[in-house]
1. Report yes if Gly156 is modelled with pLDDT of 90 or more and closer than 30 Å to Ala5 by Cβ, otherwise no.
2. Kindly provide the set of residues from segment 42-54 that are assigned to a loop (DSSP other than H, G, I, E, B) and either at pLDDT 80 or above or under 23 Å from the mean Cα position of the chain (by Cα) (or both), ordered by number.
3. Please go through (1) out of contact with any helix residue (DSSP H, G or I) (no Cβ under 6 Å at 6 or more places or on another chain); (2) assigned to a helix (DSSP H, G or I); (3) modelled with pLDDT of 55 or more for Lys172 and return the number of the only condition it doesn't satisfy.
4. Keeping to segment 122-156, report how many residues are of a type outside the set (Ser, Thr, Tyr), surrounded by 14 or more Cβ atoms within 10 Å (Cβ to Cβ) and under 20 Å from Glu169 (Cβ atoms).
5. Being of a type in the set (A, V, I, L, M) and either within 18 Å of Ala3 (Cβ to Cβ) or touching a helix residue (DSSP H, G or I) at 6+ places or on another chain (Cβ under 6 Å) (or both) is the filter here, so list the residues in segment 14-43 that pass it.
6. Read through the list (1) within 23 Å of Ala71 (Cα to Cα); (2) surrounded by 11 or more Cβ atoms within 10 Å (Cβ to Cβ), then give the number of the only condition that Val44 fails.
7. Considering each of Asp27, Asp9, Asp54 in turn, give the residue that is touching a residue at least 40 places away in the same chain (Cβ under 8 Å) and of a type in the set (D, E, K, R).
8. Exactly one of (1) out of contact with any Pro (no Cβ under 8 Å at 6 or more places or on another chain); (2) at pLDDT 90 or above is unmet by Val140. Its number?
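The values are calculated or read from the model by the stated rules, or taken from the named source; none is laboratory data. All of these numbers come straight from a predicted model, not from anything done at the bench. Methodologically, a virtual Cβ is constructed for each residue, glycine included, from the backbone with ideal geometry; neighbour enumeration extends over all protein chains shown.
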Amino acid sequence: MSAAAQREDHALLPFPQSLRVKGSALDKVIMPLLKRSLIEERRVSDGALEWRRDEDSRAYGLFLATAGLVALGIDETEKNQRATAGAPDKGKAEAACPRRNVKKASSAALKKRSASPQSKQALVITMLRRKSGATIDDIVAETGWQPHSVRGFLSGVVKKKLGLPLVSEVGKNGVRRYRIAAAKSHKA
């Protein structure tokens with residue numbers, strides 16, 4: 001949904017390349033969003049990229065609804081300012097994408113997703129860089145993650161994926177704290 005919010009027409013399609021679900025699994029992702037009115041189907045012109053066709057062979061695409069924008073923290077005034085900001089309308093043909101028999105959209109037409117300025121990952125890394133570090137309970141309180149998810153993040157992302165030197169220490173009070181060790185400088 002966040003990728004669609006960055007598009008002028010708020011089209012959900014084409015899906016981000018990071019979304020690897022297909023077929024019925026994709027339906028299980030899309031249907032709850034439709035039922036909650038976070039996204040909506042709109043008719044698109046024949047020959048355009050589409051989500052599905054109805055029994056009369058009319059093509060439909062998926063678009064972010066107003067409730068979806070609100071759920072992402074984007075209010076209507078921002079949406080209207082962006083719509084009137086100046087870029088010419090690209091039309092419905094570029095706005096939709098087929099669900100099955102996918103036609104490739106031009107990569108120049110797709111905007112890259114920008115990273116959230118304060119993602120949960122960045123928040124946890126900041127907490128771990130403090131001199132005092134952080135406990136699992138501290139991270140749970142800040143992120144809303146479950147304790148097992150925090151431990152998995154520390155092991156899988158911080159240590160393995162990012163390769164940061166994670167230190168675990170038990171204090172005098174018996175509480176385990178995690179922190180990222182300061183990088184050692186090598187003198188020649």
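1. Yes: the conditions hold for Gly156.
2. Within segment 42-54, Val44, Leu49, Glu50, Trp51, Asp54 qualify.
3. (2)
4. Count: 16.
5. Leu19, Val21, Leu26, Val29, Ile30, Leu33, Leu34, Leu38, Ile39
6. The number of the failed condition is (1).
7. Asp9
8. Val140 satisfies every listed condition except (1).
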